[in-house]
Ligand code: NAD
C-alpha cells in the first residue's frame with residue numbers, strides 16, 4: 001500500500017506511516033502504492049486481542065510440539081503446496097499492495113518461501129535430531145543434546161518483503177515445533193492475512209499460525225504478552241526499542257535490522273557483469289531491500305567504464321505500475337522513503353556529488369522515484385553513510401583495494417557486502433576482511449533466498465541468524481541431558497572432602513593439564 005491511513009470511525013482518517021502509532025484507530029486501510037487506490041482493510045488489534053491470541057497459540061503449541069519432526073515437516077509442506085497452488089492470488093496481491101514487479105513477487109517472495117519450506121522440511125529431521133556429545137574429560141558420563149521447541153515465537157516484520165520475510169521465520173519456527181504469531185507491517189497487512197487464509201484453507205491447526213495486524217503498539221503488546229522468542233525484522237531504531245523490551249522481560253530475540261551494503265569493484269572486475277549487478281542490486285524492489293547495493297567503491301582502473309555502463313543500463317530500466325505491464329522497477333511502498341531519497345540526493349549534490357541519472361519523484365498517481373545514480377560521492381555525504389532504502393546508487397572512486405576495504409568497514413551497519421574481481425581467491429581473501437554478516441563474490445542479493453546459509457548482520461545490523469542450520473536450531477531451546485555410564489553409589493567428586501582426596505586432586509591437576517598433560521594429549525588425539 002505504501003500509505004497507511006488509520007480509520008478513526010466518526011473522527012475521520014489521519015494520514016500515517018510506519019511512524020504512526022495508530023492510537024485510537026480501529027482499522028488499517030491499505031492503498032496500492034502504484035495507483036493510490038484503496039485495496040483493503042485490516043483490524044488494528046488491541047493488547048487484549050494479542051493476549052488472547054497468545055493464549056490460543058500456547059494451547060495449540062502443546063500438541064504440535066509433541067508431534068515427531070517428520071510429521072510437522074509433512075504438514076508444513078502441505079502449506080507450501082497450498083501457497084504454490086494459489087501463487088497467482090499471492091502474486092496479484094503482492095503486486096498491488098507493494099507495487100512490486102510480477103517477477104519479483106514470484107521469484108523473491110513466493111518461490112523463495114516455497115524453497116525455504118522445502119529445504120527446512122528436508123534438513124530438519126537431521127538438524128534437530130538428538131545427538132550424543134563425546135565429553136573430553138568426564139568419561140564416566142554420556143551427554144545428549146536435544147532441540148526442544150521454544151513455545152510461541154513472535155515474528156515482527158517490515159513491509160518490503162511482506163510474504164517472504166514473515167514466512168521465512170514462521171516456517172522454520174513451525175518446523176521446530178513452535179506456534180507462531182506474526183505482527184505484519186501496518187504498511188502491508190493484507191499479504192499476511194492472505195497467507196493465513198491459505199494456511200487455514202489447507203486444514204492446518206488454526207491457532208498455530210496467527211496474525212495480529214496493527215501498528216507499533218500491537219507489536220509492543222505482542223512482546224508484552226511474553227512470547228518465548230522474538231524474531232524482529234525492521235529498522236535499527238525500532239530494533240533498539242524491541243530489543244530493550246525483550247531485554248526487560250529476558251525474552252531471547254533475533255534482530256534483523258538495516259543494511260548499507262558496500263560493493264567493491266576491484267581493478268580486474270568484469271565491467272559488464274559488475275554493472276549489471278550494481279543495477280540489479282541497487283534497484284531490485286525499487287531499492288527497498290536490506291541488502292541492496294547502497295554504495296559502490298570502484299577502483300580507478302574500472303571506475304569510469306563501470307559508472308558509464310551503470311548509467312546506460314539504469315536509463316534502460318522500465319518503471320511503472322506492475323499490475324498493468326511487465327516493468328523492471330515498481331513503486332515506492334512506503335511514501336516517506338521518497339522524502340528520505342530526496343534528502344540524500346540534496347545533501348550529496350550540495351556537497352559536490354554529480355547526479356548522473358534519475359533523481360526525481362514521478363508526478364501523477366502512485367508513488368514512484370526514478371532509479372538514480374550519483375557519482376563523485378564521499379563519506380561526508382549521508383548517502384554513503386546512512387541507510388537509503390530506495391533506488392539510489394552512489395559511486396565513489398578509490399585508488400587501492402585497501403582504501404575500498406577501509407571505507408566499506410567505515411560503517412555502523414554490517415549486513416551484506418559484495419566484492420567483484422576476476423580472481424576469485426583474491427576476492428575471497430578481501431571478503432574475509434569486510435565487516436558484514438555475509439559477503440558475496442561476483443553476485444548480489446542471492447543470499448536473501450539461500451535457506452542453506454545463515455543470514456544476519458553484525459554491528460547495528462543486528463544479531464542472531466535467520467535461515468541455515470543455525471537459524472533453525474535457534475528456534476529451539478538446546479537441552480543437555482547427561483546420563484551415568486557405570487552404576488556406583490559414591491562419586492569421588494562429592495563429599496566428604498578429605499585431606500587425602502585433596503592431595504590426590506592437587507596432583508591430578510598437574511597430571512591432567514600442565515604442558516603435554518593427559519587432557520591436552522587426549523584433545524590432540526581427538
Ligand atoms: P520498522 O522498524 O518501522 O517496522 C518493523 C515492524 O516493527 C513493523 O511491523 C512495525 O509495526 C513494528 N513495530 C514498530 N514499533 C514497534 C514496537 N515498539 N514494538 C514492536 N514492534 C514495533 O521497519 P520498516 O520501515 O517496516 O522496514 C524497513 C527496515 O527494515 C529497513 O531498515 C530495512 O533495512 C529493515 N529490514 C531488515 C531486514 C533484515 O533481514 N535484516 C529485512 C528487511 C528489512
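Here are a few things to note about the model shown:
- Cβ pairs under 8 Å, 6+ apart, first in region 177-192 and farther than 14 Å from residue 45 by Cα, second at pLDDT below 95 and within 9 Å of the ligand (Cβ to nearest atom): 187/17; 187/18
- Just one of the numbered conditions (1) modelled with pLDDT of 95 or more; (2) away from the ligand (no atom under 16 Å from the Cβ); (3) surrounded by fewer than 19 Cβ atoms within 10 Å (Cβ to Cβ) is not true of residue 381: (3).
- If you filter region 164-211 down to residues that are part of a loop (DSSP other than H, G, I, E, B) and away from the ligand (no atom under 14 Å from the Cβ), you find that the one that is farthest from the chain's Cα centre (by Cα) is 203.
Yes/no per residue for (1) surrounded by fewer than 22 Cβ atoms within 10 Å (Cβ to Cβ); (2) closer than 22 Å to residue 377 by Cα; (3) out of contact with any strand residue (DSSP E or B) (no Cβ under 7 Å at 6 or more places or on another chain):
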{"residue": "389", "(1), (2), (3)": "no, yes, yes"}
{"residue": "400", "(1), (2), (3)": "yes, yes, yes"}
{"residue": "411", "(1), (2), (3)": "no, yes, yes"}
{"residue": "417", "(1), (2), (3)": "no, yes, no"}
{"residue": "434", "(1), (2), (3)": "yes, yes, no"}
{"residue": "447", "(1), (2), (3)": "yes, no, no"}
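- Restricting the first member to region 197-224 and to residues that are free of Cβ contacts under 8 Å to residues at least 24 places away in the same chain, and the second to residues that are more than 9 Å from the ligand (Cβ to nearest atom), the beta-carbon pairs closer than 7 Å and six or more apart or on different chains are 200/206.
- Residue among 301, 363, 316, 312 that is at pLDDT below 95, away from the ligand (no atom under 16 Å from the Cβ) and not assigned by TED's automatic domain parsing to the domain that holds residue 235: 363
- Among the residues listed as 38, 106, 137, 77, the single one being in the same structural domain as residue 200 (by TED's automatic domain parsing), touching a helix residue (DSSP H, G or I) at 6+ places or on another chain (Cβ under 9 Å) and under 18 Å from residue 188 (Cα atoms): 106
- Criterion: more than 9 Å from the ligand (Cβ to nearest atom) and either in contact with a strand residue (DSSP E or B) (Cβ under 9 Å, 6 or more places away or on another chain) or assigned by TED's automatic domain parsing to the domain that holds residue 388 (or both) - qualifying residue of 264, 223: 264
- Pairs where the first residue, in region 232-244, is farther than 12 Å from residue 219 by Cα and in a helix (DSSP H, G or I) and the second is at pLDDT 95 or above and near the ligand (Cβ under 6 Å from one of its atoms), C-beta under 7 Å, 6+ apart: 236/257; 236/258
- Considering region 274-301, and only residues there that are within 26 Å of the chain's Cα centre (by Cα) and farther than 25 Å from residue 165 by Cα, the residue that is surrounded by the most Cβ atoms within 10 Å (Cβ to Cβ) turns out to be 296.
- Subset of region 135-163 [within 15 Å of the ligand (Cβ to nearest atom) and more than 25 Å from residue 225 (Cα to Cα)]: 160, 161
- In this structure, residue 73 does not satisfy being within 21 Å of the chain's Cα centre (by Cα) and either under 30 Å from residue 364 (Cα atoms) or surrounded by 14 or more Cβ atoms within 10 Å (Cβ to Cβ) (or both).
- Close pairs (9 angstrom Cβ cut-off, 6 or more residues apart or separate chains): free of Cβ contacts under 8 Å to residues at least 60 places away in the same chain in region 456-476, buried (at least 20 other Cβ atoms within 10 Å of the Cβ) and not in a loop (DSSP other than H, G, I, E, B) anywhere: 458/413; 458/414; 459/413; 459/414; 468/455
- Among residues of region 239-248, those that are surrounded by fewer than 14 Cβ atoms within 10 Å (Cβ to Cβ) and within 20 Å of residue 476 (Cα to Cα), counted: 1
- Check on residue 150, crowded, with 24+ Cβ neighbours inside 10 Å and at pLDDT 95 or above: no
The values are calculated or read from the model by the stated rules, or taken from the named source; none is laboratory data. Not measured: the values here are computed from a predicted model. A quick note on method: Cβ atoms are made from the backbone with ideal geometry, for glycine too, and the neighbour counts reach across all protein chains shown.
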